[in-house]
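The values are calculated or read from the model by the stated rules, or taken from the named source; none is laboratory data. Please read these numbers as outputs of a predicted model, since none were measured by experiment. For neighbour counting, all protein chains shown are included, and Cβ atoms are generated from backbone atoms with ideal geometry for every residue, glycine included.
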Amino acid sequence: MKNVHTALILLLLLVLATGCNLAEDDEHKLVTDTSQDMDISNYNLAFYDEQTGWLYGQNGTELHKFNLLKTSNKGKDWVNAMPMGEDFHFAHSEGDVLHHTNVFFLSSEVFWIIQSTPNEITVFKTSDGGQSWENGETWNPKTAGLLTDIYFVNETKGWLMIDVKQGADYVLRECYITEDGGSHWELISSYQDHSFPSDHLQASSVFIDNQTGFIPVINTEQPMFYQTVNGGADWSKVELPYPANDSNMRFNIESIRFFDTDTGIVLLSTVKSDNIMKYDYYVTKDKGVTWTLHEGVQIKRASQDSNIGSKIVTPNYAWTIDDRVLYRYNILSSEQFKTIQIKNITGNDDPGQKITGYSFVDESVGWVIVYDNGKSTIYKTVDSGDEWTDFQIKFAS
C-alpha cells in the first residue's frame, strides 16, 4: 500500500511539473491560425539566416511597449522571445525620463535586450534563442546619457556607447566594455579625456575582434570613420578618398560590415541634386589597413521625405529600399542593377502601400514588410525578387 501511495504521489508531482512546463511554453507560443492580425508596421525585421529571424519594435496594440518575436522556420511561425515578467519600453518618455530598448543578435541562439534610461542600464542575455534569460545587474553609467549602440564579438566581450550630448555636428560619447556577457561594464574611453572623438556625428559601431573596431562618421566634408586597435581605449581618424566629381559634397558613411576578420565594406551615401542618392563602396581585404574605392550607383528618390536605406548583404551585393521601390545591385559592377516596384511584390499598385522594413541574407533570399492601408504583410523571395510569397503574422486571440 505504501508503494501505491508513493507511486500516486510521484505521478501527481509529474503531472504538476508537466503542467508547469506547458504553462511556461504556452507563454512563448504565438498562434498563427486566428483571425486577429498583428500590427507590425512599427517593427524592424532581421534574419540571421534563411531559417532564423526576428521581428522587434513598438507593439502596435500597446503603444510604447517593446516586443521581440522569433522564427526558426523561415518566417512561417513566430514565437514570443521576450524575457518573462519584464516590461520593456520602446523610446518612451515618462515625465522627464526617457526609456529606451536596444537589441543585438550574435547568433540564432545568443542575443541581448538592453533596457535603459539616462541613469540606469540593465542587460538581458539569452543563450537558447529566448527560452530563458540571464538578467544582468542594473548599473549606472558615470555620466547620464542615451544608450545609442551596442556590439558583441562573442558571448562574453562587448561594447556599448552612451551619448551624453549631441549637436548639429558633434556628439559627446562614452564607450563601455564588458568581459562577462553584459553583467558588468567598465568605462574604457570618453570625450572628457579626449580618448573618444567628439568632433563629428557618428553611426553604429562594428568590431571584428577583441581589439579592432570601427565607427562610421556622417555629414562630413570628406568620407571618414574612426578606428580603434586597442579594444576601444582610444580612437583615430581614418580618411577615405573622394568619389569621382564629389569633392564638394557632404558624405555619410551609413555602415561598415565585415564578412571575416580581413574582408570588409564601407557603405558611403551622398545626397546630390534633384533627390538623387549616390552610393559608393570601399573594400578592404587586409583588416582595414587599406581601402579600395568602387564607384557605385545613383538612385532617384521617390521624394525628399522618402524612407530610403541601403544594406550590404554579401561581399558583392547590396539592397536598397525607397518607400515603394526595392533595388538590388552588384557592389563591384554597377551594371548589374535590378529594380523591383512594389506592385511586383504585392500584385497591385495601391498608392497606400509602402515598404517599411526589409532583411536579406544573400543576393537571392530576403523578406520585406509592406504596409497597406492599416495592415502590414511580410513577403518573401528566394529568386532575387522575381517572385514573392506573402504571409501574415497573427497573435492568439
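Laid out as a table, the results:
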| quantity | calculated |
| --- | --- |
| From the options Arg324, Arg328, residue that is touching a helix residue (DSSP H, G or I) at 6+ places or on another chain (Cβ under 8 Å) and either farther than 26 Å from Gly374 by Cα or among the basic types (Lys, Arg) (or both) | Arg324 |
| Criterion: at pLDDT below 90, charged (D, E, K, R), in a loop (DSSP other than H, G, I, E, B) and surrounded by fewer than 15 Cβ atoms within 10 Å (Cβ to Cβ) - qualifying residue of Asp349, Asp286 | Asp349 |
| Positions within the range 149-163 being touching a Ser or Thr at 6+ places or on another chain (Cβ under 9 Å) and over 15 Å from Ala203 (Cα atoms), in sequence order | Phe152, Glu155, Thr156, Lys157, Gly158 |
| Looking only at the range 323-346, and only at residues there that are assigned to a strand (DSSP E or B) and surrounded by 22 or more Cβ atoms within 10 Å (Cβ to Cβ), the one that is modelled with the lowest pLDDT | Tyr329 |
| Failed criterion for Gln222 (all others in (1) over 18 Å from Tyr281 (Cα atoms); (2) in contact with a Phe, Trp or Tyr (Cβ under 9 Å, 6 or more places away or on another chain); (3) not basic (Lys, Arg) hold) | (1) |
| Selection status of Arg257, charged (D, E, K, R), modelled with pLDDT under 90 and either more than 30 Å from Gln192 (Cβ to Cβ) or over 22 Å from the mean Cα position of the chain (by Cα) (or both) | no |
| Residues that are under 21 Å from the mean Cα position of the chain (by Cα), polar (S, T, N, Q) and within 15 Å of His99 (Cα to Cα), drawn from the range 133-163 | Thr148 |
| Test result for Asp77, in contact with a strand residue (DSSP E or B) (Cβ under 7 Å, 6 or more places away or on another chain), over 19 Å from Ile121 (Cβ atoms), at pLDDT below 65 and charged (D, E, K, R) | no |
| Filter result (closer than 16 Å to Gly231 by Cα and of a type outside the set (A, V, I, L, M)) within the range 156-172 | Thr156, Lys157, Gly158, Trp159 |
| Neighbours by Cβ (under 9 Å, 6+ apart or cross-chain): first from the range 245-260, without any contact (Cβ under 8 Å) to a residue 24 or more places away in the chain; second hydroxyl-bearing (Ser, Thr, Tyr) | Met249/Tyr242; Met249/Thr270 |
| Selection status of Lys300, at pLDDT below 90, surrounded by 15 or more Cβ atoms within 10 Å (Cβ to Cβ) and charged (D, E, K, R) | no |
| Scope the range 262-281; condition more than 17 Å from Met249 (Cα to Cα) and of a type in the set (Ser, Thr, Tyr); matching residues | Thr263 |
| Check on Asp209, under 23 Å from Val266 (Cα atoms), surrounded by fewer than 20 Cβ atoms within 10 Å (Cβ to Cβ) and among the charged types (D, E, K, R) | yes |
| Tally of residues being farther than 28 Å from Arg324 by Cα and part of a strand (DSSP E or B) across the range 289-313 | 2 |
| The lone exception for Gly366 - which of (1) in contact (Cβ under 8 Å) with a residue 12 or more places away in the chain; (2) in contact with a helix residue (DSSP H, G or I) (Cβ under 7 Å, 6 or more places away or on another chain) it fails | (2) |
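Conditions (1) surrounded by 20 or more Cβ atoms within 10 Å (Cβ to Cβ); (2) under 29 Å from Val266 (Cβ atoms); (3) at pLDDT below 90, marked per residue:
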{"site": "Phe111", "(1), (2), (3)": "yes, yes, no"}
{"site": "Asn135", "(1), (2), (3)": "no, no, yes"}
{"site": "Glu155", "(1), (2), (3)": "no, yes, no"}
{"site": "Asp169", "(1), (2), (3)": "no, yes, yes"}
{"site": "Ile215", "(1), (2), (3)": "yes, yes, no"}
{"site": "Thr220", "(1), (2), (3)": "no, yes, no"}
